[in-house]
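*Asks:* Before I ask anything, let me first share the structure, which is written out below as structure tokens.
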Amino acid sequence: MGLRTWSKENLEYGRKVLSSGLEGAHAGREAFLNGRSITPVLNESVCKAWKPAVIGACVGVLASYPGRQRKTVGRVATSGFLGAVVGFCAGIAWETRWLGRSVTRGAMRNIGKVRDEHWLETHPIDYA
């Protein structure tokens with residue numbers, strides 16, 4: 001098998017894996033939402049993510065204080081802001097974990113099917 005044939009086959013296989021993963025992710029999202037819109041789910045998770053954002057801001061401000069050097073207000077504020085961003089992102093990720101789990105399961109289920117089909121194509125079973 002030449003390089004061109006090998007790369008063409010692997011590119012085709014990669015496209016199959018990618019498209020089946022995306023289809024599975026979409027099916028997993030639809031299964032989780034069960035006909036609802038995703039907007040209320042995201043709005044609720046944003047509303048609940050402010051607590052981790054505040055905790056992250058506090059940790060960011062406190063983390064900028066150790067040491068004997070004088071800290072500028074700008075540096076302390078930047079540390080607090082970065083902590084708030086990290087806390088907010090963590091809060092969103094935590095609140096949407098069930099949606100993410102459903103999407104991941106759907107994608108992995110479809111990818112597993114494509115991988116099994118590919119393996120059977122490359123390793124045919126001869127029962128005779």
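*Asks:* Taking segment 102-122 as the region of interest, how many residues are aliphatic (A, V, I, L, M) and either exposed (fewer than 12 other Cβ atoms within 10 Å of the Cβ) or farther than 11 Å from HIS26 by Cα (or both)?
*Replies:* 4
Let's see how each residue does on (1) of a type in the set (Phe, Trp, Tyr); (2) exposed (fewer than 10 other Cβ atoms within 10 Å of the Cβ); (3) modelled with pLDDT of 90 or more:
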site: LEU3; (1), (2), (3): no, yes, no
site: LEU18; (1), (2), (3): no, no, yes
site: PHE32; (1), (2), (3): yes, no, yes
site: SER37; (1), (2), (3): no, yes, yes
site: SER45; (1), (2), (3): no, no, yes
site: LYS48; (1), (2), (3): no, no, yes
site: LYS51; (1), (2), (3): no, no, yes
site: ALA57; (1), (2), (3): no, no, yes
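*Asks:* Of all residues being assigned to a helix (DSSP H, G or I) and among the polar types (S, T, N, Q) in segment 72-128, which is nearest to GLY21 (Cα to Cα)? Just the residue, please.
*Replies:* By that ranking, first place goes to ASN110.
*Asks:* Consider only pairs whose beta carbons are under 9 Å apart and that are at least six residues apart or on different chains; among these, list those whose first residue lies in segment 1-30 and is over 15 Å from ASP116 (Cα atoms) and without any contact (Cβ under 8 Å) to a residue 60 or more places away in the chain and whose second residue is β-branched (Val, Ile, Thr) and part of a helix (DSSP H, G or I).
*Replies:* Within 9 Å, the pairs are SER19/VAL114.
*Asks:* Hey, another quick one. Being part of a helix (DSSP H, G or I), within 23 Å of the chain's Cα centre (by Cα) and among the small types (Gly, Ala, Ser): is that true of GLY35 here? Reasoning before the result, please.
*Replies:* On the way: part of a helix (DSSP H, G or I): no; within 23 Å of the chain's Cα centre (by Cα): yes; among the small types (Gly, Ala, Ser): yes.
Here the answer is no, as GLY35 does not meet what is asked.
*Asks:* Is it the case that some residue within segment 52-60 is in contact (Cβ under 8 Å) with a residue 12 or more places away in the chain, in a helix (DSSP H, G or I) and farther than 17 Å from VAL85 by Cα? Can you show your working first?
*Replies:* Keep residues of segment 52-60 that are in contact (Cβ under 8 Å) with a residue 12 or more places away in the chain, which gives 52-60.
When the remaining residues are screened for being in a helix (DSSP H, G or I), the result is 52-60.
After this cut, where a residue has to be farther than 17 Å from VAL85 by Cα as well, the list is none.
Scanning segment 52-60 turns up no residue that is in contact (Cβ under 8 Å) with a residue 12 or more places away in the chain, in a helix (DSSP H, G or I) and farther than 17 Å from VAL85 by Cα.
The values are calculated or read from the model by the stated rules, or taken from the named source; none is laboratory data. Only a predicted model underlies this, so the values are computations on that prediction, with no experimental measurement involved. Counting neighbours? That spans all protein chains shown, and the Cβs are built from the backbone with ideal geometry, glycine included.
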